[in-house]
Amino acid sequence: MNIRDIEKKIRPPAIWALAISIFLSLASLVIYIVESGFSDETLFFLLALLRYFSFTVCICSVYLLAVSVYRIIRKPSVVTVIQIILFLCSLMYGAGIIIIDAFILSITAGNG
């Protein structure tokens, strides 16, 4: 089994995991921002969900970015360049949310 066969088997589940994680992360973020009268425990729970979904977004994005860079080296195409840009954006989103989460937890003295 060579690397192309492994890529074909693992890549689609990673894309699905990335899409689901981004959706759940954005949903958690919207609910957290709206915060219509939630208790502190609920907000910290949403913040924890947001942290874990964003971490999954980062992991999937790094993997898919590495696979796309490998693909562009072997067979350059415009679609692969667009994928690289999208995976970089999702990586920056996930990392940014993790940094903001750490900032919020440090402000609240780790009361999460």
Take segment 52-66 and flag every residue that is within 20 Å of P12 (Cβ to Cβ) and either at pLDDT below 90 or among the small types (G, A, S) (or both). S61, A66
The condition from (1) over 21 Å from A14 (Cβ atoms); (2) in contact (Cβ under 8 Å) with a residue 40 or more places away in the chain that S90 misses is numbered (1)
For I33, indicate whether it is among the β-branched types (V, I, T), at pLDDT below 90 and in a helix (DSSP H, G or I). yes
Only one of (1) of a type in the set (A, V, I, L, M); (2) at pLDDT below 90; (3) out of contact with any helix residue (DSSP H, G or I) (no Cβ under 7 Å at 6 or more places or on another chain) fails for I20. Which number is that? (2)
Of the residues that make up segment 52-66, is at least one more than 16 Å from I22 (Cβ to Cβ) and touching a residue at least 60 places away in the same chain (Cβ under 8 Å)? no
Top-ranked residue of segment 35-53 - restricted to ones that are aliphatic (A, V, I, L, M) and under 28 Å from F87 (Cα atoms), ranked as surrounded by the fewest Cβ atoms within 10 Å (Cβ to Cβ): A48
Considering only residues that are assigned to a helix (DSSP H, G or I) and small (G, A, S), look in segment 54-86 and name the one that is surrounded by the fewest Cβ atoms within 10 Å (Cβ to Cβ). A66
Looking only at segment 87-104, count how many residues are in contact with a Lys or Arg (Cβ under 9 Å, 6 or more places away or on another chain) and buried (at least 16 other Cβ atoms within 10 Å of the Cβ). 3
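The values are calculated or read from the model by the stated rules, or taken from the named source; none is laboratory data. Computed from a predicted structure; not experimentally measured. Every residue, glycine among them, receives a Cβ derived from its backbone with ideal geometry; neighbour counts consider all protein chains shown.
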